[in-house]
Structures are given as structure tokens and as C-alpha cells.
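Down below is the structure, laid out as C-alpha cells.
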Amino acid sequence: MHGLFYTAGFYLVTIVGGSNANGKEIQAEAMAQYRERVKEMFYHAYNNYLENAFPYDELRPLTCDGQDTWGSFSLTLIDALDTLLVLGNVTEFQRVVHILQDGMNFDIDVNASVFETNIRVVGGLLSAHLLSREGGITVEPGWPCTGPLLRLAEEAARRLLPAFQTPTGMPFGTVNLLNGVDPSETPITCTAGIGTFILEFATLSRLTGDPVFEEVARKALDGLWNSRSDIGLVGNHIDVLTSKWVAQDSGIGAGVDSYFEYLVKGAILLQDEGLMSSFLDYAKVLKKYTKFDDWYVWVQMYKGTVTMPVFQSLEAFWPGLQSLIGDINNAVKTFHNYYQVWKQYGGLPEFYSIPQGSTVDKREGYPLRPELIESAMYLYRATGDPTFLELGRDVVEAIEKISRVDCGFATVRDLRDHKLDNRMESFFLAETVKYLYLLFDPDNFLHNDGTTFYTVTTPYGECVLGAGGYLFNTEAHPIDPAALHCCSQHREERWEVEALMQDFHSVRHIRTGLHEAGSSQKESQQSKWTTPDENKAKRKTNKNVVPVLSCPGQHFSSKLAVLGQVFTDSS
């Protein structure tokens, strides 16, 4: 036992269990209490979004209103959808699914970030589609190879495809959902904005049978791989028309991070040795050039010389990624470094100078990012070490104390004085709260180890779902990898095998009936996908609309870019 601490008006035994016989019981009781606190945090934010910001993308918690940020998708609603199910709220999950089915419309003249639309909208819809049965939704015949949420995800992804029509196969950063890529669009895109599609797009291809999504995602990955420097590193921003690197800083953080994440997760999802081999090659050179005393710094991609000895909060995903490939020892060491920064400030500043041990000027903010919690969740699952529960405890206490306001939770502008900004990003509900809850909920259905599952019959045979092994996309939307085996792309070959096992005529009859049922339902659903009039009116009257952001937001005579914000040497 590590003693007591005071919270919320009562004494709570610390979540770290001791050597006494009751240690495990005490830890379980404390974890249950923190689950309830995390759940309350979620509903404080979620309900305020519904009351004050919907149908806008995000809540502005200081002024209790909303704003569009990434393309007018009611983004927080989509991002929070699978979190509702993680928290066990089947009723609200079903209600939101019906709202999205009836109200989403991508036929709009909006410039949208290709990267953000993929991870948040396509990823969120795919996850909700695959969790539909878990959420008590009556699914269509042939599910998971069909369904209204799958059709919405496919439609959203098709609006992104024009961005991939480049000589290199690497996509533009922004696309107009109605008109495609603007002729004046900058060809400069960050590395993560090119290499973060394989999970969502391969899942779409495997479920729908249309290979185009997986093909463009793989071609984009090939473009990055073929653009490595002679020492094996990639930079931060590249010209997608010429493959020329514009920002040549190499590291594991902002502008690059999820590229490495998707190589590992794509390899696991698709059982693809090539993707894993690529990551392992990167891991070797990253260790050689960027790793110092379990920190990772930024280096010049052609020379390997250090350009910025800083830790960025987005890099905190790395220990979790290391755990996925079994590199637990190194993951724990790096996590420990990051956790010490958290303890120093009660949050992770966007930039932290490793030599000086302090924040970097104008980068002192903390937008309630999830990455360190994500790594804690993975490492606790891998080791059972209660140190990772301590991190979860610290996060809950800090966010409640620093960020909670009447209308939600606000971004921390400066961790030194706890001044706040008027923004609550959708990833707070999609990722931060979800990973916190999963850290404290060892029996959650997403942690299933294969002891429970169910089977479904599709036109292509019977398959097993819900057996665990869920993979989170970079917005923490879980994908059931088993679903990719339910809807064969090689349908003629699959049916030849089926014919050897059962009466071909009866199988053909079932298949035809299911196809007709699915087609009929698709037509009825398509007539509903319009934005409700009241939502249109609300959007027209609210003036708090911010410019659409994209990964490459400005000219890149600069060092790094995070969510469209450019960081120069002098800033």
C-alpha cells in the first residue's frame, strides 16, 4: 500500500495494491470507483456537446456553443459513438446510430482534411458498423458485409479518393467533398497524412469487395517507403507531386507518428509480413539516430544529426506501439520518461525541451491528448504493473481539477498557469476518455481474450466475430479483425469451395435472397441520408465557424506541423 489520498469528498485507498491479502480486492474496488468517475467525465462533456454544440463539429466549453473544425460532420457525435458502447450505454448508441443513418450527407461543398476525415469519420463509422450487434442494432441480412453505416463509411471514403490521384500515389492533404481537389491546392502533405489509411481503407475493401481503397492506401505507403533517405529515414513533409522532401526533420512525433503506428497495426490486421518488415527496418534506424537515454529526438533525415532535442506530447503513443511488438522493456523505460514530464506539469506540454527540462516557448499547452493514457492502457494489459494505473489516476485528478468547466472540459493553454482555451477537441471523447475507461475496466468486452464470441452467416459462409483482438485506429476506433474474413473478395473461388460442402442450389438461393434484401434496404436508406432542416437552420444562424484545417496548412519553410499549426525555429 502507498497510503491514502483525498478526492471528491472522501478518502480513497490508492489503486496500487500491496502485499497484503486484500491487495487485489482494494485495487479492484478503487478501479471500479475510477471507472465511475471517468464515466461521469464523459457524460459531462457529451451532454454539454449535445445541448450546446450539436450539430457542429466541436464544443466550445468556455462560451457554451459550437464550431465546425474538420468539415461540418457533427464530428464529436461520430467520434463519441463507440465510446458510448465501451461505457455500456446501448440505448444512446442506438439513438445516435439512427441519427447518423438518417442525417449524414457528404454531398456538400466543404474542404475537408483527408487525414482527419479518414481517421475520425470513416474510422468512426466503420467501428460503429462492426459493433452494431454488440450495440443491439438489428442488422441487415449479410452483415457485416452490408449495412447503412458501412455504406456511409464507403461514401465518405469515396469522397477522399480524388486526393490520391497524384503521380506518386501519395494524397493531397485537403479535398473538396463535392468538387475534388482544388487546382490551387498545395501539394505539400505531412508523412502521417500519407501513411495513415491502411487500417480503414483495407477494412472497407475487405467488407465491400471493392479493392480500390486498399490499393490507394498501399500505393501511398509505397510512395513513402520509396522516398526514404539513404540512411533509411523519412522526413516530416513531402511534395506529393515530385516526392521531394520539404521538411526534412525525422522523428516519431507530430507529422510522422501514425505512419509508424499503421505499419504495425496494418501488419497485424492484414497479417502482412511486408508491413511489419518495413516497420522493423524503421525501428532500427530510429534507434540508431534518434534514441538517446530512452528519449527520442528529431534529426536531419539525410545526415542523422540532431535538429531538435525536444519531446512532443504526440510521441507518447510510442511505448504502446512498442508493446504491440513485444518490446516491453524498452517501452516501460520510455514511458517512465514521459510520465515524469506529466508529474512535473500535471499534463504533457506539446513541446518539452529534454536538455533544459522545461516547456518550449509558445508550446506549453495541453489539449487533453490521449497518447500517454493509450500507452498506459497497453502496458498495463501487458504487464499488470499498477504503475500504469497510477498514471490513469493522475490523469483523472488533473483533468478534473484543471480543465473542468460548467460546459465541458477545456484545452489547457498553458500548463504553467493553467489558463484555458475555448476548445474541446472531439478526440477527448473518442480517445482520452475511452482509454482511461479501458485502463480501469479489465473486463470490458474490448479486452476479450477469445473466451466468448458469436458466429454470423453471410452470403459467403459462416464467420466468427467478437472474439477479441480489436485494433484501434489512431482515433481509438476499434476494428474487429475477424470481420475482414467474413466478406471474401474472391467470391467465385469461395463459392466453389462452398459447393463442395453443401448443396449448391440451396446456397445459391440463400445468396440471391440476401442480395435482394440488401439491395432493397440500401435503396430505402439512401433516400434518408439528408441533413435535417433544423440542423441546416442552426448552422446558418451560428457565426462561430472556424476555417477548415488540414495537415499542410501553410508554406513549409518551417520545422514541424501539428494539426495545421506550423512551428518555425523562431516561434
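Hey, any hits in the range 187-197 for a residue that's assigned to a loop (DSSP other than H, G, I, E, B) and closer than 15 Å to residue 243 by Cα?
Scanning the range 187-197, I find at least one residue that is assigned to a loop (DSSP other than H, G, I, E, B) and closer than 15 Å to residue 243 by Cα, so the answer is yes.
So if I check each of 433, 405, which one is of a type outside the set (Asp, Glu), in contact (Cβ under 8 Å) with a residue 12 or more places away in the chain and either more than 30 Å from residue 130 (Cβ to Cβ) or touching a Pro at 6+ places or on another chain (Cβ under 8 Å) (or both)?
From the options 433, 405, the qualifying one is 405.
Please tell me if residue 121 is at pLDDT 95 or above and touching a Gly at 6+ places or on another chain (Cβ under 9 Å).
Spelling it out, residue 121 is indeed at pLDDT 95 or above and touching a Gly at 6+ places or on another chain (Cβ under 9 Å).
Any residue that is open to solvent by less than 10 Å² (accessible area, probe 1.4 Å), in contact (Cβ under 8 Å) with a residue 40 or more places away in the chain and within 26 Å of residue 488 (Cα to Cα) - is there at least one of those in the range 210-230?
Within the range 210-230, one or more residues are open to solvent by less than 10 Å² (accessible area, probe 1.4 Å), in contact (Cβ under 8 Å) with a residue 40 or more places away in the chain and within 26 Å of residue 488 (Cα to Cα).
Does the range 59-73 hold any residues that are crowded, with 24+ Cβ neighbours inside 10 Å, modelled with pLDDT of 95 or more and either among the acidic types (Asp, Glu) or assigned to a loop (DSSP other than H, G, I, E, B) (or both), and which are they?
Of everything in the range 59-73, just one residue is crowded, with 24+ Cβ neighbours inside 10 Å, modelled with pLDDT of 95 or more and either among the acidic types (Asp, Glu) or assigned to a loop (DSSP other than H, G, I, E, B) (or both), namely 61.
Restricting attention to the range 296-312, and to residues there that are hydrophobic (A, V, I, L, M, F, W, C) and more than 26 Å from residue 370 (Cα to Cα), which single residue is least open to solvent (accessible area, probe 1.4 Å)?
The extreme case among them is 301.
Could you check, for the range 87-103, whether at least one of its residues is more than 17 Å from residue 155 (Cβ to Cβ), touching a Phe, Trp or Tyr at 6+ places or on another chain (Cβ under 8 Å) and modelled with pLDDT of 95 or more?
yes
Consider the range 449-478. How many of its residues are of a type in the set (A, V, I, L, M) and farther than 17 Å from residue 129 by Cβ?
Of the residues in the range 449-478, 2 are of a type in the set (A, V, I, L, M) and farther than 17 Å from residue 129 by Cβ.
Select from the range 43-58 the residues that are assigned to a loop (DSSP other than H, G, I, E, B) and either touching a residue at least 40 places away in the same chain (Cβ under 8 Å) or buried (at least 21 other Cβ atoms within 10 Å of the Cβ) (or both) and list them in ascending order.
53, 55, 56, 57
Please find, within the range 240-295, the residue that is least open to solvent (accessible area, probe 1.4 Å) out of those that are assigned to a loop (DSSP other than H, G, I, E, B) and under 21 Å from residue 480 (Cα atoms).
272
Working only within the range 89-144, note down all residues that are of a type in the set (Gly, Ala, Ser) and over 21 Å from the mean Cα position of the chain (by Cα).
103, 136, 142
Tally time: how many residues in the range 162-183 are touching a residue at least 24 places away in the same chain (Cβ under 8 Å) and surrounded by fewer than 24 Cβ atoms within 10 Å (Cβ to Cβ)?
Of the residues in that region, 9 qualify.
In a helix (DSSP H, G or I), among the polar types (S, T, N, Q) and over 25 Å from residue 478 (Cα atoms): which single residue out of 356, 322, 344 fits that description?
Exactly one of 356, 322, 344 is in a helix (DSSP H, G or I), among the polar types (S, T, N, Q) and over 25 Å from residue 478 (Cα atoms), namely 344.
Mind telling me which of the residues 151, 133 ends up being touching a residue at least 24 places away in the same chain (Cβ under 8 Å), farther than 23 Å from residue 429 by Cβ and open to solvent by 10 Å² or more (accessible area, probe 1.4 Å)?
151
Just to check your reading of the model, which residue among 186, 191, 146 is surrounded by 24 or more Cβ atoms within 10 Å (Cβ to Cβ), within 20 Å of residue 116 (Cα to Cα) and touching a residue at least 40 places away in the same chain (Cβ under 8 Å)?
When all the criteria are applied, what remains is 191.
Of all residues in the range 343-358, which are crowded, with 21+ Cβ neighbours inside 10 Å and either closer than 17 Å to residue 403 by Cβ or touching a His at 6+ places or on another chain (Cβ under 7 Å) (or both)?
Within the range 343-358, 347, 348, 349, 350 meet the criteria.
Filter the range 281-332 for residues that are of a type in the set (Val, Ile, Thr), over 21 Å from residue 232 (Cβ atoms) and touching a strand residue (DSSP E or B) at 6+ places or on another chain (Cβ under 6 Å) and give the result.
Scanning the range 281-332 gives a single hit, 310.
For the range 124-161, enumerate the residues that are at pLDDT below 95 and hydrophobic (A, V, I, L, M, F, W, C).
none
Among the residues in the range 217-232, are any under 29 Å from residue 148 (Cβ atoms), over 16 Å from the mean Cα position of the chain (by Cα) and assigned to a loop (DSSP other than H, G, I, E, B)?
no
Mind checking which residues of the range 200-232 are acidic (Asp, Glu), out of contact with any Ser or Thr (no Cβ under 7 Å at 6 or more places or on another chain) and closer than 18 Å to residue 171 by Cα?
The answer is 200, 215, 222.
Collect the residues in the range 251-279 that are without any contact (Cβ under 8 Å) to a residue 12 or more places away in the chain and at negative phi, keeping them in residue-number order.
The answer is 272, 273, 274, 277.
In the range 69-112, what residues are closer than 17 Å to residue 430 by Cα and among the acidic types (Asp, Glu)?
Across the range 69-112, the qualifying residues are 79, 82, 92.
The values are calculated or read from the model by the stated rules, or taken from the named source; none is laboratory data. Please read these numbers as outputs of a predicted model, since none were measured by experiment. Using ideal geometry, Cβ is built from the backbone for each residue, glycine included, and neighbour counts are taken over all protein chains shown. The area values use the complete protein model at the heavy-atom level, side chains included, leaving out ligands, DNA and RNA. Shrake-Rupley method; radii C 1.70, N 1.55, O 1.52, S 1.80 Å.
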